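Asks: This is the structure I want to talk about, given as structure tokens.
Taken together, the values in this text are just the output of simple stated rules run on the coordinates, not laboratory data. All of these numbers come straight from a predicted model, not from anything done at the bench. Quick reminder, even Gly has a Cβ in these numbers, built from the backbone with ideal geometry, and neighbours come from all protein chains shown.
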Ligand code: PHE
């Protein structure tokens with residue numbers, strides 16, 4: 001296992017780093033949440049706003065988390081304590097830890113459903129069923145209480161096992177190999193979906209913006225979806241970046257991860273909406289059960305559908321695992337580094353606490369049916385609180401921290417890898433007495449500094465103001 005400068009566990013290969021960060025980002029957020037939120041929020045116009053948010057706000061927040069994490073080499077709370085000792089800033093880490101709990105609770109509900117669907121597809125349970133029957137299979141399961149609860153607990157335990165085996169062995173190994181397969185499967189599902197008769201309305205829904213459907217709540221929803229899907233705003237990527245080596249190119253990594261994340265979400269949309277239209281379902285109908293009610297129909301209409309179904313749900317469960325380990329790691333790293341609890345006990349505490357809260361989410365459609373606010377049940381409320389409130393709030397504070405609190409030289413050093421590079425360039429010059437060294441260094445700097453200026457402008461002004469306006473607008477304090 002590679003040890004960082006302070007004897008911490010760390011990532012080794014460049015590919016492994018991108019994969020681990022991408023493994024955190026790519027998960028149920030793209031494949032389960034994105035399609036149903038797009039469906040409820042009116043389609044194409046939502047997609048456009050979401051893309052704009054990823055580009056203008058998401059990538060800068062992600063990069064800010066990388067900067068904080070690699071600079072401090074600490075967990076989400078400890079990072080703020082190290083860079084800003086004696087201030088209130090570590091509270092941002094506390095928000096992140098609370099968000100991690102809440103997300104783990106409802107995330108494991110859906111991941112549990114996914115595990116059950118692995119089982120159902122192995123048992124070939126959908127064979128010969130029509131669309132209505134596929135829907136009733138899902139609803140019977142969702143409202144049954146005990147069964148989804150069992151799968152949820154299995155998923156939480158699986159997450160804990162990987163978290164326990166440590167960063168490199170656990171996280172890097174699993175992320176690396178499997179994600180490309182998921183992409184291939186999604187592509188084949190999309191192809192099948194758009195060749196179903198009557199499917200074109202789905203593409204139209206997804207790609208033709210109808211701005212009359214946009215309001216303040218939808219805009220906040222797009223921000224929440226962007227943050228949730230990119231794993232930002234709660235310190236998961238601060239924690240991961242704390243294991244990055246000094247040579248990692250932070251800005252390139254943030255671009256690669258975000259673009260992969262967006263592409264996979266769009267692919268999931270292209271697999272789902274055409275299929276819904278072909279089945280005669282309304283896009284806003286699905287709710288959290290959407291993919292579980294739609295995709296079994298697509299599998300049935302495919303050659304080799306049995307194997308595709310099994311592979312799809314297995315890979316989706318793995319994608320969910322590579323995300324949930326990054327969520328659990330936020331809490332475990334905090335407990336073990338800040339409170340000096342052994343990693344084992346820290347994981348155990350996290351498992352028990354999140355299983356407890358998670359139970360309420362899973363039972364939202366059975367035991368606790370009807371408990372909630374307005375038409376949101378417990379599950380919806382926790383999802384809303386984490387995705388649309390805690391993550392944007394965390395993201396806002398994170399960019400303000402990097403833009404206004406951190407020493408600008410430190411930020412610049414992280415972004416340009418200057419601390420290390422200067423030394424390398426100096427050493428090369430020293431050994432080779434190469435005339436071009438100075439010039440090379442200047443060119444290198446110039447490229448980076450342009451990115452730096454844009455980044456700084458966004459984290460200081462654009463991102464904080466935009467996030468604040470979206471919030472205030474959504475709670476009705478201002479009207480835009
Ligand atoms: N981004 C993950 C997904 O799309 C979920 C996640 C959210 C992970 C926040 C970490 C932090 O599934």
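Asks: Using a 10 Å cut-off around each Cβ, can you sort 242, 188 from fewest to most neighbouring Cβ atoms?
Replies: On the way: 242 26, 188 15.
Fewest-to-most Cβ neighbours within 10 Å comes out as 188, 242.
Asks: Then there is this: If you line up the long axis of helix 216-230 against the longest principal axis of the chain, both from Cα atoms, how many degrees apart are they, to the nearest 10?
Replies: Its long axis makes an angle of about 70 degrees.
Asks: For n ≥ 4 DSSP H runs only, could you compute -39500 (n - 2.57) per run for the chain, divide by its residues and tell me the 222 nm figure to the nearest 500?
Replies: Working: 22 runs with 336 residues, N = 480.
Value at 222 nm, helices only, nearest 500: -23000 deg cm²/dmol.
Asks: Tilt of helix 463-474 relative to the longest C-alpha principal axis of the chain, in degrees (0 to 90, nearest 10)?
Replies: 30 degrees
Asks: Which whole-number percent gives the relative contact order of region 5-389, counting Cα pairs below 8 Å spaced six or more residues apart?
Replies: Working: 621 pairs, mean separation 148.8, N = 385.
Averaging sequence separation for qualifying contacts and normalising by length gives 39 percent for region 5-389.
Asks: Could you state the angle between the C-alpha long axis of helix 131-142 and the longest principal axis of the C-alpha atoms of the chain, as a value from 0 to 90 degrees rounded to the nearest 10?
Replies: It is inclined by approximately 60 degrees.
Asks: If packing is taken as the mean number of other Cβ atoms within 10 Å per residue, what is the order of 355-362, 471-478, highest first? Each step should come with its number before you reach the end.
Replies: On the way: 355-362: 21.1, 471-478: 13.9.
Order by mean packing, descending: 355-362, 471-478.
Asks: Mind ordering 135-145, 272-282 by average Cβ neighbours within 10 Å, highest first?
Replies: Values: 135-145: 16.5, 272-282: 22.0.
Packing proxy ranking, top to bottom: 272-282, 135-145.
Asks: What is the projected area of the convex hull of the Cα atoms of the chain, averaged over all directions, in nm²?
Replies: Details: hull surface 93.9 nm².
Reported value for the Cα convex hull: 23.5 nm².
Asks: Ok, one more. Among 240, 36, 452, which comes first, second and so on when ranked by fewest other beta-carbon atoms within 10 Å? Intermediate values should be presented prior to the final figure.
Replies: Values: 240 26, 36 20, 452 17.
Final ranking by Cβ density, sparse to dense: 452, 36, 240.
Asks: What ranking of 247, 479, 192, 33 emerges when the number of other C-beta atoms within 10 Å of each C-beta is taken as an exposure proxy, fewest first? Working shown, then result.
Replies: Details: 247 11, 479 7, 192 20, 33 24.
The order, fewest Cβ neighbours first, is 479, 247, 192, 33.
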